[in-house]
Amino acid sequence: MKIILLGDVHGNLAALEAVLADGWKKGGELVLNTGDYVGQGPFPDETVSLLAAVEILGVKGNFDKNVLRARAEKDASPKRELHLWNQKALSKASRKYLDGLPRWRRFLLAGKSFFLTHGSPADREENVTAETPEERFRELADMAGTDFVLAGHTHEPLAKKAGTTWFLNPGTVGHPLGEDKRPCYALVTLQPGYFRVRHYRVDCPEPQLSESTENP
């Protein structure tokens with residue numbers, strides 16, 4: 001089984017299409033999403049519609065939550081304006097899809113147990129990176145109680161083993177923060193007694209992204 005693991009698409013439709021095409025070309029069979037469907041990209045509704053059609057499981061990111069909860073205010077901040085713009089750009093069907101997503105999911109695939117979330121098993125906005133202390137990794141692994149923890153939020157690719165639990169972050173499809181602006185995703189291969197994860201960056205026209213002070 002080959003899993004296309006992606007996340008932090010942030011409304012970047014062109015990047016999503018490029019990642020999906022590359023993942024399917026490499027033999028990807030199903031799509032898992034760590035959340036933040038919408039954000040700075042120009043096509044939030046089209047992005048949600050496409051992901052709703054192709055993914056088998058996804059979770060709600062912090063940006064998704066904030067967009068759904070946004071309310072107009074007299075003196076709105078740029079961040080609030082961005083939330084409201086995304087909200088208005090979403091169709092009723094897309095808003096319903098996002099609103100129905102859970103904060104996390106536990107499930108089984110190919111005989112392995114998974115915990116899918118946006119930040120960490122403890123907090124949707126917790127940054128789990130290569131610099132996270134080993135003790136914290138073990139705490140989060142115990143909290144999840146699964147073979148794999150799949151998370152996003154940091155926009156940084158990660159493959160880290162803590163005890164018997166693998167922490168995987170696919171990086172970001174739609175909003176790269178470093179020098180390399182190409183979309184990133186992970187291809188996870190599962191077979192009896194065998195596991196492999198590879199991160200890929202895909203060539204794609206750089207999108208026009210909106211300004212935001214929010215942690216993606």
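The values are calculated or read from the model by the stated rules, or taken from the named source; none is laboratory data. Small disclaimer: the values here were computed from a predicted structure and weren't measured. A quick note on method: Cβ atoms are made from the backbone with ideal geometry, for glycine too, and the neighbour counts reach across all protein chains shown. Keep in mind that these areas ignore ligands, DNA and RNA; they rest on the heavy atoms of the full protein, side chains included. Shrake-Rupley method; radii C 1.70, N 1.55, O 1.52, S 1.80 Å.
A compact table of results
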read-out	value
Percent antiparallel among DSSP beta bridges (both partners in segment 61-158, rounded to 5)	65
Residues of type aspartates and glutamates that residue 25 reaches as a straight line, Cα spacing below 17 Å, ignoring anything fewer than 8 places off in the same chain	17, 55, 203
Residue 203 accessible area, 1.4 Å probe, all protein chains in place, Å² to nearest 10	120
Ordering of 82-93, 104-115 by packing [mean C-beta count within 10 Å, highest first]	82-93, 104-115
Residue 56 accessible area, 1.4 Å probe, all protein chains in place, Å² to nearest 10	90
Placed amide H near residue 35: partners under 5 Å, 5+ positions off or other chain	8, 59
Cα shape, segment 51-157, gyration tensor, a/c 1.5 rule	oblate
Aspartates and glutamates with Cα under 13 Å of residue 96, excluding same-chain neighbours fewer than 8 positions away	45, 64
List 17, 29, ordered by accessible area with a 1.4 Å probe, largest first	29, 17
Among the listed pairs 26/60; 2/112; 65/88; 65/160; 65/181, those beyond 19 Å (Cα-Cα)	26/60; 65/160; 65/181
In degrees, nearest ten, helix 134-144 long axis to first principal axis of the chain (Cα)	80
FRET efficiency, residue 1 to residue 160 (Cβ-Cβ, R0 22 Å, nearest 0.05)	0.55
